[in-house]
Amino acid sequence: MKPVKNIIWDFGVVLIDLNFDLFHKKCRDYGIKSDIHILNTHFSHLFEKGLIDEHTFFREVKLLFPGWVSISTIKEIWNSLIDHIPTKKLALLHKLKKRGLNQALCSNTNLTHIRHIWEKHGPFTSAYFKKAFLKLYFSYEHQTRKPEPEFFYLILNEMNWKADETLLIDDNEQNISTANSLGLQVLHYTSPQSLRYFDKAQPKPHEHLSDEQNK
């Protein structure tokens, strides 16, 4: 297996904490039906691919809530999912950059969440985070989302990276599986302990490396 020269990082869960418990609690508190998962609706996927705008998306989401819940409240609920980028992960990104590894971010996300992330973290932390990467790839800017192979090919082609020299770090098994089938090396993120992979001076990636393999 070739040494890793490039890393494609997932964003949510892997690099930024997400508060699913708070998000679902707020949904319940404001009367959304418990059997509806907003994050996995058809229109949320269209929003992530940039195929519908914010106005259209939140108009559709509002139909899932009681009529008295305002769109501004729904936006607050939507953004309650977003937590913080841990300091240790920021430090790791820059440590790997200093090692000479090329890094790109690849995220299934939407304009509302990304705007909120930069506002929440402020200009200094946001800029420091971005400097760790050669480029940030957000699904809504490219009309594709993981695990569609087109998203991975887009990054490899634009960055001129070879698949077998590139490592994807992602918490989603479907994304891992697709990337692996395209020839990328993969690290399945299951908890912060997964990043012990980088404790080695010259790590040798393994397919579907997980916490259990790290012990």
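The values are calculated or read from the model by the stated rules, or taken from the named source; none is laboratory data. Note that the structure is a prediction, hence the values are computed from the model and not measured. A quick note on method: Cβ atoms are made from the backbone with ideal geometry, for glycine too, and the neighbour counts reach across all protein chains shown. The accessibility values were calculated without ligands, DNA or RNA, using every heavy atom of the protein model including side chains. Shrake-Rupley method; radii C 1.70, N 1.55, O 1.52, S 1.80 Å.
Packing around the peptides 184-196, 46-58, taken as the average count of other Cβ atoms within 10 Å per residue, puts them in this order, highest first: 184-196, 46-58.
Once every DSSP H run of n ≥ 4 in the chain is given -39500 (n - 2.57) and the sum is divided by its residues, what mean residue ellipticity at 222 nm do you get, rounded to the nearest 500 deg cm²/dmol? -12500 deg cm²/dmol, from helical runs alone.
Remark: relative contact order (the range 100-186) = 26 percent; criterion is Cα-Cα distance under 8 angstrom and separation of 6 or more residues.
List the pairs from Lys89/Lys131; Lys5/Lys49; Lys89/Lys120; Lys89/Lys130; Lys62/Lys130; Lys49/Lys98 whose alpha-carbon separation is above 22 Å, in the order I gave them. From Lys89/Lys131; Lys5/Lys49; Lys89/Lys120; Lys89/Lys130; Lys62/Lys130; Lys49/Lys98, over 22 Å: Lys5/Lys49; Lys62/Lys130; Lys49/Lys98. Site pair Leu101 and Thr41 shows an inter-label distance of 3.8 nm when each label is modelled 7 Å from Cα along Cα→Cβ. Relative contact order for the range 12-116: 41 percent, from Cα pairs under 8 Å spaced at least 6 residues apart, divided by residue count. Surface composition of the range 1-68: carbon plus sulfur atoms contribute 55% of the solvent-accessible area (1.4 Å probe, protein chains only, all chains present).
Can you send over the carbon and sulfur percentage of the accessible area for the range 100-139, probe radius 1.4 Å, protein chains only? Write down the numbers at each step before the final one.
Details: 990 of 1670 Å².
Exposed carbon and sulfur together represent 60 percent of the surface.
How large is Rg over Rh for the range 73-159, taking Rg from the Cα atoms and Rh as the Kirkwood inverse mean of 1/r across Cα pairs? Can you show the working numbers first?
Numbers: Rg = 14.2 Å, Rh = 14.3 Å.
Ratio value, two decimals: 0.99.
What accessible area per residue comes out for the range 85-205, rounded to a whole number of Å², with a 1.4 Å probe?
Details: 5820 Å² over 121 residues.
I get 48 Å² per residue for this part.
Length gain on complete extension for the stretch Ala91 to Lys75, per 0.36 nm per residue less the alpha carbon to alpha carbon distance? Write out the running numbers ahead of the final one.
On the way: separation 16, 0.36 × 16 = 5.76 nm, distance 3.08 nm.
Full extension from Ala91 to Lys75 adds 2.7 nm.
Specify the inter-centroid distance of the range 123-154 and the range 75-102, based on alpha-carbon positions, in whole Å. Going from one Cα centre to the other spans 13 Å. Modelled this way, with points 7 Å down the Cα-to-C-beta line, the labels at Glu141 and Asp53 are 2.0 nm from one another. Surface calculation, 1.4 Å probe, protein heavy atoms: Glu150 sits at approximately 110 Å² accessible.
Which whole-number percentage describes the relative contact order of the chain, with Cα contacts under 8 Å and a sequence gap of 6 or more? Could the numbers behind the result be given before it?
On the way: 316 pairs, mean separation 56.7, N = 215.
Contact order relative to length: 26 percent.
Against the chain, whose longest principal axis is taken from its Cα atoms, helix 149-159 shows a tilt of about 50°.
Surface listing: His24, His42 arranged by accessible area from highest to lowest gives His42, His24, probe 1.4 Å.
For the range 35-75, the solvent-accessible area with a 1.4 angstrom probe is 55 square angstrom per residue.
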